[in-house]
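K.L.:
What follows is a structure written as structure tokens; I'll ask about it next.
None of the figures in this text is laboratory data; all of them are computed from the coordinates on show. None of these values were measured; they are calculated from a predicted model. Here the Cβ is made from the backbone with ideal geometry for all residues, glycine too, and neighbour counts use every protein chain on show.
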Amino acid sequence: MEISLPSIDNSREGYEELIALNKSLEDSFFDDIEINISHWFSANLCALLGCILDKAARCNNVKVSVPSEKTRRILQKNGFLAYFGYEKIYDYYDTTVRYLRLKPNEERFFNEYVIKELLRKRKFPIVSDKLEKKIAESICEIFVNAQIHSETDYIYACGQFFPRENKINFIIVDRGLGFRKRINSRFSTNFSGVEAIKWALGSGNSTKQGVPGGIGLAILKEFINLNRGKVQIISDNGFLQIDSQSEASYNLDEPFAGTVIHMEFRTDDNNSYILSGEIGCNDIF
Amino acid sequence: MKKIELRVYQIVGDEICVSADDGHRVYEIVRNFISEKKKVVLSFLNVTMLTSAFLNTAIGQLYGSFSGEDIKSCLSVSGLSELDLALLKRVVENAKCYYKDPQKMEKTIKEVLG
């Protein structure tokens, strides 16, 4: 089976294409599958494509061909194609953020990866310590959310740095329960994918029992708003996109069994992140 | 009464304090001290990364075991940056709401359903 991917970017249509690929591979067993990436492919989406192909490769022979040298080199630099028999290439320009597949309990390695691959890049602009900390914190909150809630085998991450556009794209994917299943199972509700995502973004909303929680996604949402960034969340058939100007949600044609969280951070953010009312150690409890 | 210093770095064994499981280890130790009405300072010296998930289990769930007054009189923190203090404050406020109104989740679900 040979599948040629159309142009795929971080748009709703791009995600729909990859989720359609996921669907088309579901019934393939002991087949030769060749994925042809011959058009534009946003590098950070390697995390979602990797998650999809990883599952397919459990019982198929999966190959990836990338005729365009420019695209191929980017996917060799970020390490994605190394999983499919290509050599790794040194990223001289230091704009790729390595494709990574991690077990959920590898949070320390993940944190080091975020710092090394994202925040300590040679071309990463000099940003305030607080902005750097807020970016790292937001990403780690999402990783830990997947660790706690998803019951996934692996967590996939990848990013891309755009120095001229002053932005970093970063994506975390898991193939776990997803918001909808988790919430409907916990509360005996019948939420749609979009309703489940919206509920999960509410501060303090959590499916955990006996322990408070539900702050991580709310923190990300608030930070994205201040930073003028963007977040896209896909879970089951729900798609939600939030930026500082608007919020849009859609029902996808096909559901994705798991969760995709794509974050776009601005590096030209001059917010001081100094808090309006200073909190002292004695004001906490 | 002299305060006892509990070092988060020592309990977790790392500067990265992000997982709920690591937070629970801190919770179990702090809980033992508060149960005995001992005054403790939880030191975050050398901790470079925190998440709400860690703080929820380390400190937030104390509000399920003790009253706010007991926690306030026995527990204090040190070594946190301004941003981490703000995160902890938020975790604490969220925990107080959570244990004050255990039916809150069901209520928010009903709100979404209209």
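K.L.:
Only one of B:Ile16, B:Ile4 is more than 14 Å from the chain's Cα centre (by Cα) and closer than 17 Å to B:Leu88 by Cα; which?
P.N.:
None of the others qualify; the one that does is B:Ile16.
K.L.:
Starting from residues that are part of a strand (DSSP E or B) and in contact with a His (Cβ under 9 Å, 6 or more places away or on another chain), keep the ones in segment A:1-52 and report whichever is surrounded by the most Cβ atoms within 10 Å (Cβ to Cβ).
P.N.:
Checking each candidate, the answer is A:Ile8.
K.L.:
Take the conditions within 30 Å of B:Ser78 (Cα to Cα) and either under 16 Å from the mean Cα position of the chain (by Cα) or part of a strand (DSSP E or B) (or both) and apply them to A:Leu240. Does it pass?
P.N.:
No; evaluated as a whole, the condition is false for this residue.
K.L.:
Every residue in segment A:197-224 that is under 18 Å from the mean Cα position of the chain (by Cα), more than 8 Å from every other protein chain (Cβ to nearest Cβ) and of a type outside the set (Val, Ile, Thr), please.
P.N.:
Hits for segment A:197-224 are A:Ala200, A:Leu201, A:Leu217, A:Ala218, A:Leu220, A:Lys221, A:Glu222, A:Phe223.
K.L.:
Let me ask something else. Quick check on segment B:33-72: of everything there that is more than 9 Å from chain A (Cβ to nearest Cβ) and of a type in the set (S, T, N, Q), which residue is nearest to A:Ile115 (Cα to Cα)?
P.N.:
Out of the qualifying residues, it is B:Asn46.
K.L.:
Next question. Are there any pairs, at least 6 apart or on different chains, whose C-beta atoms fall under 8 Å, with the first in segment B:26-52 and on the phi < 0 side of the Ramachandran plot and the second surrounded by 18 or more Cβ atoms within 10 Å (Cβ to Cβ) and basic (Lys, Arg), and if so, which?
P.N.:
Matching pairs, first to second residue: B:Ser52/B:Arg90.
K.L.:
Please state which of the following conditions A:Glu165 fails to meet, knowing it meets all the rest: (1) assigned to a loop (DSSP other than H, G, I, E, B); (2) within 14 Å of another protein chain (Cβ to nearest Cβ).
P.N.:
In the conditions (1) assigned to a loop (DSSP other than H, G, I, E, B); (2) within 14 Å of another protein chain (Cβ to nearest Cβ), A:Glu165 misses (2) alone.
K.L.:
Turning to a different aspect of this structure: With the structure loaded, tell me whether B:Leu83 is facing another protein chain (nearest Cβ under 7 Å), in a helix (DSSP H, G or I), under 30 Å from A:Ile135 (Cα atoms) and in contact with a Phe, Trp or Tyr (Cβ under 9 Å, 6 or more places away or on another chain) or whether it fails that test.
P.N.:
It is true that B:Leu83 is facing another protein chain (nearest Cβ under 7 Å), in a helix (DSSP H, G or I), under 30 Å from A:Ile135 (Cα atoms) and in contact with a Phe, Trp or Tyr (Cβ under 9 Å, 6 or more places away or on another chain).
K.L.:
Which pairs do you get when a residue that is crowded, with 24+ Cβ neighbours inside 10 Å, found in segment A:202-215, comes within reach of a residue that is aliphatic (A, V, I, L, M), reach meaning Cβ atoms under 6 angstrom, with the pair 6+ apart or on two chains?
P.N.:
Sorted first by the residue in segment A:202-215, then by its partner, the pairs are A:Pro212/B:Ala95.
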